[in-house]
Amino acid sequence: ATRLAVLVEFIGLAFDCPWFAENPVSRLASLWRKPDYSFHPFEFGGYLPEDDEHPDYPEIIKARDAYPKKTMLWAGNGFRFPVKKPVPVRPGYSDQFWKLGGKSLRTKNIRSATPRSFALAVFEANKKGR
């Protein structure tokens with residue numbers, strides 16, 4: 001994971017473009033460097049429509065990414081962190097990941113997917129002509 005994060009930085013610098021690498025709280029901060037930002041998916045849920053439902057996993061991922069999951073972000077080369085547009089979330093830990101036990105490819109893909117709300121927010125904050 002550390003090599004991949006360093007590669008993301010290298011490519012962003014080589015192509016002279018903004019870049020970021022995101023990862024839930026892990027050892028990456030001690031193996032590479034401290035993160036530049038942290039966020040929870042619900043903090044960007046306002047970028048999705050009110051009637052949003054996850055297109056692939058509606059039974060697992062809450063509508064509008066309304067769940068907590070502390071995620072770290074390493075960024076550089078002009079990356080703009082987006083404005084937060086939070087949606088209400090129940091206090092405490094996310095209950096959706098209790099449904100994701102095991103080590104199947106499907107489970108790994110769901111757990112590692114970048115929240116759609118955050119991806120949209122990053123696009124809006126970093127698109128050209130802004």
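The values are calculated or read from the model by the stated rules, or taken from the named source; none is laboratory data. Owing to the predicted nature of the structure, the values given are computational and were not obtained by experimental measurement. Every residue, glycine as well, gets a Cβ built from its backbone with ideal geometry; the counts of neighbours run over all protein chains shown. Calculation scope for accessible area: heavy atoms of the full protein, side chains included, ligands and nucleic acids excluded. Shrake-Rupley method; radii C 1.70, N 1.55, O 1.52, S 1.80 Å.
So, of the residues in region 2-47 that are part of a helix (DSSP H, G or I), within 21 Å of K70 (Cα to Cα) and of a type outside the set (A, V, I, L, M, F, W, C), which turns out to be most open to solvent (accessible area, probe 1.4 Å)? Looking at the filtered set, the residue picked out is S30.
Within region 78-92, the only residue that satisfies the criterion of being touching a strand residue (DSSP E or B) at 6+ places or on another chain (Cβ under 7 Å) and open to solvent by 30 Å² or more (accessible area, probe 1.4 Å) is F81.
From A125, A113, A75, A121, which residue is more than 24 Å from D16 (Cα to Cα) and open to solvent by less than 60 Å² (accessible area, probe 1.4 Å)?
Numbers: A125 fails: more than 24 Å from D16 (Cα to Cα); A75 fails: more than 24 Å from D16 (Cα to Cα); A121 fails: more than 24 Å from D16 (Cα to Cα).
After ruling out the rest, the residue left standing is A113.
No other residue among D95, D56 is among the acidic types (D, E), open to solvent by 50 Å² or more (accessible area, probe 1.4 Å) and at pLDDT below 90 apart from D95. Within region 113-126, does at least one residue satisfy the condition of being at pLDDT 90 or above and among the aromatic types (F, W, Y)? There is at least one residue in region 113-126 that is at pLDDT 90 or above and among the aromatic types (F, W, Y).
For region 48-102, what are the residues that are assigned to a strand (DSSP E or B), touching a helix residue (DSSP H, G or I) at 6+ places or on another chain (Cβ under 8 Å) and aliphatic (A, V, I, L, M)? Once the filter is applied, which keeps residues that are assigned to a strand (DSSP E or B), touching a helix residue (DSSP H, G or I) at 6+ places or on another chain (Cβ under 8 Å) and aliphatic (A, V, I, L, M), region 48-102 yields only M72. Contact map, region 50-62: residues that are without any contact (Cβ under 8 Å) to a residue 12 or more places away in the chain paired with residues that are small (G, A, S) and open to solvent by less than 100 Å² (accessible area, probe 1.4 Å), Cβ distance under 6 Å, separation 6+ or inter-chain. Pairs shown: E53/A63. Contact map, region 102-130: first residue closer than 13 Å to G45 by Cα and among the charged types (D, E, K, R), second residue open to solvent by less than 80 Å² (accessible area, probe 1.4 Å) and assigned to a helix (DSSP H, G or I), Cβ cut-off under 7 Å, separation 6 or more or different chains; pairs are R116/D65.
Any residue at all in region 98-110 that is open to solvent by 50 Å² or more (accessible area, probe 1.4 Å), farther than 22 Å from T2 by Cβ and under 15 Å from the mean Cα position of the chain (by Cα)? I'd like the intermediate steps shown before the answer.
As a first pass, look at region 98-110 and keep what is open to solvent by 50 Å² or more (accessible area, probe 1.4 Å): 98-99, 101-106, 108-109.
Restricting the remaining residues to those that are farther than 22 Å from T2 by Cβ gives 98-99, 101-102, 104-106.
Narrowing the set further to residues that are under 15 Å from the mean Cα position of the chain (by Cα) leaves none.
No, region 98-110 has no match at all.
Among the residues of region 44-66, write down those that are within 17 Å of F123 (Cβ to Cβ) and of a type in the set (D, E, K, R). Result: D52, R64, D65.
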